[in-house]
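Trainee: One structure, as structure tokens, below. Some questions next.
Please treat every number below as a calculation from the coordinates, not as lab data. Being a predicted model, the structure only gives us computed values, none of them experimental. Using ideal geometry, Cβ is built from the backbone for each residue, glycine included, and neighbour counts are taken over all protein chains shown.
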Amino acid sequence: MRLPDEDNERGISTPVIYTIVAVSALILIILAFVFISNNQNNANRGTVQAKATPSPEKSSEEEIGFSEGQKDIEALYKEHKLRSEDLDFWDMYQDNEPEILTEDSQSPEPSAESTPEPSTEPTDEEKAADGKHVLVSYMDGTQEWLEIDEDLPVNEYDFTKLKTKNGKMTYYDGNKKLSRLGIELSEDSGTVDFEALKEDGIDFVMLKVGERGYGTGLLSADINFTSNMEAAAKAGVDVGVYFCSQAVTVEEAVEEAKFVTDQLIPYDITYPVALRMESILSDTARTDILDAEQRTEIAEAFLNDVESAGYDPILYGERNFLLTEILPSELLKECEVWLTDQDPIPDYPYQFKMWEYAVGTTVSGVEKEVNMTISFVDYSRR
């Protein structure tokens, strides 16, 4: 016979047993899941270690053990063969990349700019003494050393053979007189006694024919030209002439040459016909617009036409004009020069046939002061 309490204890213990079994089964399942997860993590760590330290005896795919995603990336790389320069964004960082010093770059060789070669350009003192340069001054006041053109004839005068007495210069070879003495005359000279000039040792005169106005451009004859020409011929004084040009074109130069040669038709001219292309220092002149090439063309036109008319052409000018205001290499190979230079010894490298060596000199027979010229050529014997 069962007691009531026994039945109650059996009814309660059966569910408890089931509960304990269920909990135990759940714990076993959890432990199994944890165990499996740990094994998977250990396998992954082994794969990473194998990738970091590959064995040289196995291929890269065997020892690295790529995961599925990694194999896809590797396949993409092998298929397209991409390089860093194919990706534009790499250029963004080139300027900021640190310089990697190698043995060669740590001690770079000095560049050519850091060790320039010494200049071979001669100094001003050397240029002044070498006989190959001449110092010129421009209208704006600047100066420059020019190299002497070896293709142009040079003057070979021995200036120790010059003798000056009472303002009159003579050039000798031993005891033989080689030069002739002349003066310039124009309406500004006043009245002239040519007989008195001849007795005072004047061998020839250079008479002004006329000029072109530096403002108006009009041609005009010198007022005293005709009377001076006739008086000089009567006294037996050799005559040359000069014209003051303000031509700005070749056509005007041809016009000036014709003006001069027309004036000379009635007379016997034994000395040259000179072209004077003078600058107007005190005012603006129409020729101020010309450059050296244009002046050269104008001078050539005038001198060629004078020569074609049967006269000896000559170009008048001071050294800076002759060296900078025209092109010596083009004009002075054939053209003779009448140099004006008041220095005791002219510093002009090229050949000149006549030399205006003094201005404002008084001579017998002339009312006003005159300019003195020595000619190294006796043109009357040509």
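Trainee: For the stretch 189-208 and the stretch 150-182, what is the separation of their Cα centres, given in Å?
Mentor: 21 Å
Trainee: Can you pick out the pairs among Lys176/Lys353; Lys132/Lys353; Lys132/Lys177 whose Cα atoms lie more than 29 Å from each other? Mind dumping the intermediate values first?
Mentor: Numbers: Lys176/Lys353 18 Å; Lys132/Lys353 21 Å; Lys132/Lys177 31 Å.
Result: Lys132/Lys177 exceed 29 Å.
Trainee: On to the next question. What do you get for Rg/Rh of the stretch 212-316 when both radii come from the Cα atoms and Rh is the Kirkwood radius?
Mentor: Working: Rg = 14.1 Å, Rh = 14.4 Å.
With Rh from the inverse mean 1/r over Cα pairs, Rg/Rh is 0.98.
Trainee: Sticking with this one: Could you check what % of the DSSP bridge pairs in the stretch 156-381 are antiparallel, to the nearest 5? It would help to have the intermediate numbers written out before the result.
Mentor: On the way: 19 of 44 bridges.
Antiparallel: roughly 45 percent of the beta bridges in the stretch 156-381.
Trainee: Tell me, what HN-Hα J-couplings in whole Hz come from the Karplus equation 6.51 cos²θ - 1.76 cosθ + 1.60 at θ = phi - 60° for each residue of the stretch 178-190, using x for Gly and Pro?
Mentor: These are the phi-based 3J(HN,Hα) values: 9, 9, 10, 10, x, 9, 9, 9, 8, 4, 6, 7, x Hz.
Trainee: Next question, about the same structure. What FRET efficiency would be calculated for the residue pair Asp343, Glu195, taking the C-beta separation as r and a Förster radius of 45 Å, to the nearest 0.05? Mind dumping the intermediate values first?
Mentor: On the way: r = 33 Å, r/R0 = 0.74.
Between Asp343 and Glu195 the formula returns 0.85.
Trainee: At a Förster radius of 41 Å, what calculated FRET efficiency corresponds to the Cβ-Cβ distance of Ser364 and Glu156, to the nearest 0.05?
Mentor: On the way: r = 33 Å, r/R0 = 0.82.
Taking R0 as 41 Å, the efficiency between Ser364 and Glu156 is 0.75.
Trainee: Please work out, to two decimal places, the log10 of the ratio I(q)/I(0) at q = 0.08, 0.09, 0.11, 0.14 Å⁻¹ from a Debye calculation in which every Cα of the stretch 156-381 carries one identical scatterer.
Mentor: -0.27, -0.35, -0.53, -0.88
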